[in-house]
Each structure stands twice: as structure tokens, then as C-alpha cells.
Amino acid sequence: RMDWYKDYKANRSKMPEELVDQVNPLKNIIRALGYPLIEVPKIEADDVIGTLALQASLEGHRVFIVTGDKDMAQLVNPDITVIDDQKDATWDEEGVVAKFGVKPSQIVDYLTLIGDSSDNIPGVPKVGPKTAVKWLTNYKNLDSILENNHELKGKVAENLRAFADKIPLTRKLVTILTNVEIGVKVSDLKIKSADRALLRSFYEKYEFKTFLAELDSGYESGDLKTD
């Protein structure tokens, strides 16, 4: 997305060096715990999640995405549910409508209209959630809104017409990709047994005393593993 739009996430501050230093040790511990860890160069985590979620649903799995990221609402379908564990909320199809006022199939158009300030993605000036919901309720999708923009009145309608040539880029930026090449399949994502010796070396090195105690008791942090 930074290739598509140079100001994408330009409003975000650089990751603190103290946090940068923790990233690789964390990855090593995750792998030692036996969890799959997926990284794809130049592909955002949202797109990896979207690709795997769709693949899993097409293979007959029920999919649960644990996040509070509103972008993920566009992935919701009868087999894909988003769980916002921070707010104890569940976004199934009805949950998305209750949360945003539009259907999952309308989320991309909704985000295109309002933009995404957290990612520095521009939307139609002065168009907020209420206006976006009103337009999408009346016209069903963004293409229909644009086709019937002569029916819209006021400054926001003028802003929509002025913003029209920017809409394709914004829509592209807010759309989660579901067909990226990530090098793994859903069937590859199996939890392995933890490498207890390696975990011990990491826990001792970083002085994770609680995790060491858990290891000694026969339990690994976040233990969900099956052989």
C-alpha cells in the first residue's frame, strides 16, 4: 500500500528502538512454543489473515478472527466471524450491522467514504459514519451513490463529486486482499510440540521467571498444543 500511496500510515510514529529490539526474541519464543509464524515480505498482516480466512472458509472450516480492527468486518460471512476480545464483542453478519449500520458486503464502500485516519487513508471530506450509512442504506453501494449523486444535496454532496477521482485509490487501500501468495496452506498450520529446552534457554536469558516456573510445572505459556 505504501507503493500505491506514499502517505499511507505516514501519520504513525516510528517504532521505538526498545520495541524493535524485542521483535526477534518474541518471534523465536513463538516458534519454540510450536506455533506457526507467517511473514510475507511487503504484504500486510491483514492480507495474510484475509487470504487464510477465505481459504479456510472455502475448505469448510468455521473461522474466528480475534481483533478489534474494523477493517476485518469486510471479511465476515456465514463462516467467518470477528471477535473483539477487548470489548467482548462478536461481529457475525448481524453483529457487523449492529456495530457499523451496514452489512459486511458494504464495509469496503463504507470505509471508502469515511476514510481511515489510523492508516492516513483519505475519505470524502466531511462524510462521517452517519452520512455513509444513510447513503449506503438508500443506494446499497458506492457505485450506485456515484451514479445518483445528482440527487444528493449540500456540501457533502459537493465534496463527494470533487473526491470522485480519488475513490478508486481509497477503495483499493481499504480492501483486504484475499488472494496473496503466502507460501502456506491452512492445512500446514498445525501446532507442534514445544521445544522445552529451547524455551528454557530463552526464558533464562530474558529472566522470564513466571514462564520458567510454568515450564518446570509442565506447562508452557499459552499452552494449547496437542501432539
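The values are calculated or read from the model by the stated rules, or taken from the named source; none is laboratory data. Everything numeric in this text was worked out from a predicted model, so none of it was measured. Virtual Cβ from ideal backbone geometry, glycine too; neighbours counted across all protein chains shown. When the accessible area is computed, the model is the full protein with side chains, heavy atoms only, and any ligands, DNA or RNA have been set aside. Shrake-Rupley method; radii C 1.70, N 1.55, O 1.52, S 1.80 Å.
Taking the criterion of being touching a residue at least 60 places away in the same chain (Cβ under 8 Å), of a type in the set (D, E, K, R) and either open to solvent by 60 Å² or more (accessible area, probe 1.4 Å) or more than 25 Å from Gly183 (Cβ to Cβ) (or both), the only residue of the range 1-10 that qualifies is Asp7. Contact map, the range 183-202: residues that are farther than 14 Å from Ile29 by Cβ and in contact (Cβ under 8 Å) with a residue 60 or more places away in the chain paired with residues that are part of a loop (DSSP other than H, G, I, E, B) and among the aromatic types (Phe, Trp, Tyr), Cβ distance under 7 Å, separation 6+ or inter-chain. Pairs shown: Ile191/Tyr35.
Among the conditions (1) under 25 Å from the mean Cα position of the chain (by Cα); (2) in a helix (DSSP H, G or I); (3) within 30 Å of Leu33 (Cβ to Cβ); (4) basic (Lys, Arg), Arg171 misses just one, which is (3).
Yes/no per residue for (1) hydroxyl-bearing (Ser, Thr, Tyr); (2) open to solvent by 80 Å² or more (accessible area, probe 1.4 Å):
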{"residue": "Arg12", "(1), (2)": "no, yes"}
{"residue": "Glu17", "(1), (2)": "no, yes"}
{"residue": "Val20", "(1), (2)": "no, no"}
{"residue": "Val23", "(1), (2)": "no, no"}
{"residue": "Ile29", "(1), (2)": "no, no"}
{"residue": "Ala32", "(1), (2)": "no, no"}
{"residue": "Ile38", "(1), (2)": "no, no"}
{"residue": "Lys42", "(1), (2)": "no, yes"}
{"residue": "Thr51", "(1), (2)": "yes, no"}
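Under the condition of being charged (D, E, K, R) and farther than 13 Å from Leu26 by Cα, which residue from the range 203-213 is surrounded by the fewest Cβ atoms within 10 Å (Cβ to Cβ)? Please lay out each step first, then the result.
So in the range 203-213, the residues charged (D, E, K, R) come out as 204-205, 207, 209.
Next, from what is left, pick out any that are farther than 13 Å from Leu26 by Cα: 204, 207, 209.
Details: Glu204: 13, Glu207: 8, Lys209: 10.
Across the range 203-213, the extreme among qualifying residues is Glu207.
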